[in-house]
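The values are calculated or read from the model by the stated rules, or taken from the named source; none is laboratory data. Not measured: the values here are computed from a predicted model. Quick reminder, even Gly has a Cβ in these numbers, built from the backbone with ideal geometry, and neighbours come from all protein chains shown.
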Amino acid sequence: MWKAVQVGWFLAYRQIKRSSIWTTSLIVFIMTLTFLNLVVTSGILVGLIVGINQEFKTRLNGDLTISPLDEKKQIEKTTEIISLIRSNPEVKIFSTRYIEGATLEAGYKTRKDADEPNKVGAPLVGINPVQEDEFGGLSAKMIEGRFLEAGDSDVVVLGKDLVEKYQIDANRPSLKNVATGDKIRIKIGDNTKEYIIVGIIQAKADVISGRVYMAESEFLKFTGAVNYDADEIGIKTTTDAAALALQKTLKENGYGQFAKIQTFEEGTPQFVRDIAALFGTLGNFFGSIGIVVASITLFIVVFINAVTRRKYIGILKGIGVSERAIEYAYVMQSFFYSVIGSGIGIFITYTFLVPFFQANPINFPFSDGILVAPLDGTLIRMGILVFTAIVAGYIPAKMIVRQNTLNAILGR
Amino acid sequence: MITVQNLVKTFQEGEVITHVLKGVDLTIKTGEFVAIMGRSGAGKSTLLYQVSLLDHPSSGAVIIDDVEVTALSTTERTQYRLNNLGYVFQDYALIPELTAKENVALPLLMQGMPKEKAYKKALEVLASIGLADRANNLPSKLSGGQQQRVSIARAVAHDPKILFADEPTANLDSESGQMVMNLFQELHKKGQTIVMVTHEEEYGKLADRIVRLSDGQVVK
């Protein structure tokens with residue numbers, strides 16, 4: 001057995017070393033492409049979902065989200081909770097949001113009695129502009145005008161889904177003929193007040209694009225809130241472990257009975273998780289097709305190689321080289337091609353593709369698609385490819401080696 | 001000693017059956033140099049392939065030193081060829097990716113000899129046939145005569161009991177052919193048993209004995 005391996009290696013090494021550089025390059029190129037197909041196809045599909053999650057995590061939810069219990073309207077004991085959050089050194093930043101359902105109306109000054117009112121319902125969100133911008137970088141997402149600033153009072157920022165000219169879905173209600181600088185009327189219950197639109201915001205987390213924002217002080221004044229109980233708190237911590245620790249602390253202090261305290265993963269809607277799983281499956285499916293194509297390609301390459309070398313295989317057998325040693329020689333060549341091809345693929349993936357997609361995400365409407373290629377998953381794919389290549393190399397070699405020795409030598 | 005008993009080889013293609021060897025009986029003593037001759041289609045190469053275990057006869061037996069080699073399994077035959085037989089083919093049959101030294105060392109490596117030792121032995125054999133300076137050349141960089149001498153070196157490097165040669169001079173010019181025959185004679189003088197198929201009378205005469213075949217039978 002060991003003798004056969006040694007002779008197999010002796011033959012394989014020299015066949016690779018002295019074969020045409022173009023043939024070797026072509027086979028390695030095919031293996032590299034196959035590997036990239038395996039990693040990139042599924043990586044982009046998974047990256048699409050990771051992009052959605054990242055967008056929500058970065059701009060809205062953070063590592064830990066606190067929201068009202070299902071049967072409650074607000075986060076009770078908000079002040080105490082915030083005090084505990086503020087005292088935690090692992091908290092990088094947090095943002096408190098106050099939310100109330102509101103009706104926005106535009107063009108009310110010029111509207112005639114017979115005209116349809118230019119109205120839309122939307123969640124009105126009171127935020128600390130500086131804190132919120134530091135938290136989610138929303139000022140960078142303005143498509144018109146500016147973001148809210150400290151000290152703003154009679155101004156609002158509209159999400160782009162509330163503005164007809166930016167609304168993709170024609171069936172969704174939105175305000176017609178509004179732009180930065182226009183005045184709109186906002187109504188909550190019996191309270192109505194006029195505000196100037198200072199900007200329009202668009203984020204890939206669609207929740208953000210569907211809200212209207214005003215400064216928290218103005219919100220509390222406008223809504224006549226009697227307490228400081230918030231509706232949403234997003235918290236970013238230094239690490240995921242710190243988020244878990246903070247969640248534990250909050251719950252241990254009994255705040256779990258006053259609010260929902262969820263890590264980002266826990267707060268991710270089930271449908272997003274289902275989509276992630278589906279895209280992962282799709283990625284694996286396309287990857288499997290890639291594996292099958294690679295197997296067939298390598299089978300053909302090794303088969304042609306073995307067929308054209310049939311005479312020499314016969315001679316090797318004739319002079320006493322065992323069938324096993326000859327088969328090993330072909331298996332080792334397949335191993336070499338697949339390892340080198342995958343190695344180049346890994347180099348391309350981590351040196352060029354991952355950084356490239358990180359810097360230039362694919363612009364999907366609902367997320368910035370990146371390439372997700374965790375090293376363990378990549379190595380597993382490499383293992384699958386190498387194993388498949390070995391099998392695809394072994395079968396044709398076995399088929400040719402089993403042929404009659406003399407017929408092979410004489411080319412019959 | 002090689003004993004061939006009532007050896008028959010038939011080929012079937014469709015419904016056509018061709019009897020190439022029709023009950024050949026032959027004995028070759030250890031150390032003997034035998035030339036098998038005959039006209040084209042007489043069955044001389046076929047006889048060589050059966051005796052040298054490259055092919056399997058339809059019936060009959062080949063016994064080498066009390067071992068009925070025709071009864072061996074495929075794996076045993078490969079092992080037997082490796083340890084006991086050497087081959088020289090008409091078209092040299094060198095492995096193109098291996099240098100002269102590597103071609104000669106290959107059977108030794110397959111026998112389990114360490115690489116350094118196998119290379120040393122290969123170099124010695126190549127030197128003995130005047131090709132030491134070509135040891136690192138690929139076959140494509142050697143002339144036909146040189147390739148055939150490398151082929152002989154490969155066939156004898158592992159000290160086989162019997163050296164089989166199938167038309168070893170057919171592809172060579174007369175000078176190279178003579179050089180190959182001189183090598184065979186030298187090996188024969190050292191006690192090497194040689195069975196050679198040739199159609200060239202002048203080379204056949206250099207053997208101890210000529211076995212003539214006609215229509216699949218030994219006639220002389």
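Here are some notes:
- On inspection, residue B:120 does not qualify as within 20 Å of residue B:159 (Cβ to Cβ), of a type outside the set (A, V, I, L, M, F, W, C), buried (at least 21 other Cβ atoms within 10 Å of the Cβ) and away from chain A (no Cβ under 11 Å).
Here's the yes/no breakdown for (1) of a type outside the set (S, T, N, Q); (2) closer than 26 Å to residue B:174 by Cβ; (3) touching a strand residue (DSSP E or B) at 6+ places or on another chain (Cβ under 7 Å):
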position: B:68; (1), (2), (3): yes, no, yes
position: B:73; (1), (2), (3): no, no, no
position: B:77; (1), (2), (3): yes, no, no
position: B:94; (1), (2), (3): yes, yes, no
position: B:100; (1), (2), (3): yes, yes, no
position: B:104; (1), (2), (3): yes, yes, no
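- So residue B:142, is it in contact (Cβ under 8 Å) with a residue 40 or more places away in the chain, more than 23 Å from residue A:8 (Cα to Cα), over 17 Å from the mean Cα position of the chain (by Cα) and surrounded by 15 or more Cβ atoms within 10 Å (Cβ to Cβ): yes
- Of the residues making up region B:150-175, those that are more than 26 Å from residue B:50 (Cβ to Cβ) and buried (at least 18 other Cβ atoms within 10 Å of the Cβ) number 1.
- Yes/no for residue A:17 being within 14 Å of chain B (Cβ to nearest Cβ), more than 25 Å from residue A:384 (Cα to Cα) and outside any strand (DSSP E or B): yes
- Test for residue A:65: is it among the polar types (S, T, N, Q), over 26 Å from residue A:271 (Cα atoms), surrounded by 16 or more Cβ atoms within 10 Å (Cβ to Cβ) and in contact (Cβ under 8 Å) with a residue 60 or more places away in the chain: no
- Residues in region A:31-44 include none that are within 14 Å of chain B (Cβ to nearest Cβ), surrounded by fewer than 20 Cβ atoms within 10 Å (Cβ to Cβ) and either in a helix (DSSP H, G or I) or at pLDDT below 90 (or both).
So that you can scan it fast, the table gives a plain yes or no per residue for (1) surrounded by 18 or more Cβ atoms within 10 Å (Cβ to Cβ); (2) among the β-branched types (Val, Ile, Thr); (3) closer than 30 Å to residue B:154 by Cβ; (4) in contact with a strand residue (DSSP E or B) (Cβ under 8 Å, 6 or more places away or on another chain):
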residue: A:289; (1), (2), (3), (4): no, yes, no, no
residue: A:293; (1), (2), (3), (4): no, yes, no, no
residue: A:296; (1), (2), (3), (4): no, yes, no, no
residue: A:300; (1), (2), (3), (4): no, yes, no, no
residue: A:304; (1), (2), (3), (4): no, yes, yes, no
residue: A:317; (1), (2), (3), (4): yes, no, yes, no
residue: A:322; (1), (2), (3), (4): yes, no, yes, no
residue: A:327; (1), (2), (3), (4): yes, no, yes, no
residue: A:333; (1), (2), (3), (4): yes, no, yes, no
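- Which listed residue is surrounded by 15 or more Cβ atoms within 10 Å (Cβ to Cβ), more than 14 Å from every other protein chain (Cβ to nearest Cβ), assigned to a helix (DSSP H, G or I) and modelled with pLDDT of 85 or more, from A:11, A:48, A:84: A:84
- Scanning region B:66-103 for residues that are buried (at least 18 other Cβ atoms within 10 Å of the Cβ), free of Cβ contacts under 8 Å to residues at least 24 places away in the same chain and more than 17 Å from residue B:163 (Cα to Cα) turns up B:70, B:102.
- Flag if residue B:147 is buried (at least 22 other Cβ atoms within 10 Å of the Cβ), polar (S, T, N, Q) and under 18 Å from the mean Cα position of the chain (by Cα): yes
- Qualifying residue in region B:25-43 (condition: closer than 20 Å to residue A:314 by Cβ and in contact (Cβ under 8 Å) with a residue 24 or more places away in the chain): no
- Failed criterion for residue B:80 (all others in (1) at the interface with chain A (Cβ under 9 Å from one of its Cβ atoms); (2) farther than 30 Å from residue B:17 by Cβ hold): (2)
- Any chance residue B:92 is on the phi > 0 side of the Ramachandran plot, within 14 Å of chain A (Cβ to nearest Cβ) and not polar (S, T, N, Q): yes
- None of B:179, B:196 is assigned to a strand (DSSP E or B) and away from every other protein chain (no Cβ under 14 Å) except B:196.
- Residues in region B:36-63 that are of a type in the set (Ser, Thr, Tyr) and either within 12 Å of chain A (Cβ to nearest Cβ) or under 14 Å from residue B:26 (Cα atoms) (or both): B:45, B:46, B:49, B:52.
- Residue B:30 being out of contact with any His (no Cβ under 9 Å at 6 or more places or on another chain) and assigned to a helix (DSSP H, G or I): no
- Qualifying residues in region B:127-142 (those that are at pLDDT below 90 and within 20 Å of residue B:173 (Cβ to Cβ)) - the one farthest from the other protein chains (Cβ to nearest Cβ): B:130
- Positions within region A:108-126 being of a type outside the set (D, E, K, R) and surrounded by fewer than 19 Cβ atoms within 10 Å (Cβ to Cβ), in sequence order: A:108, A:110, A:114, A:117, A:121, A:123
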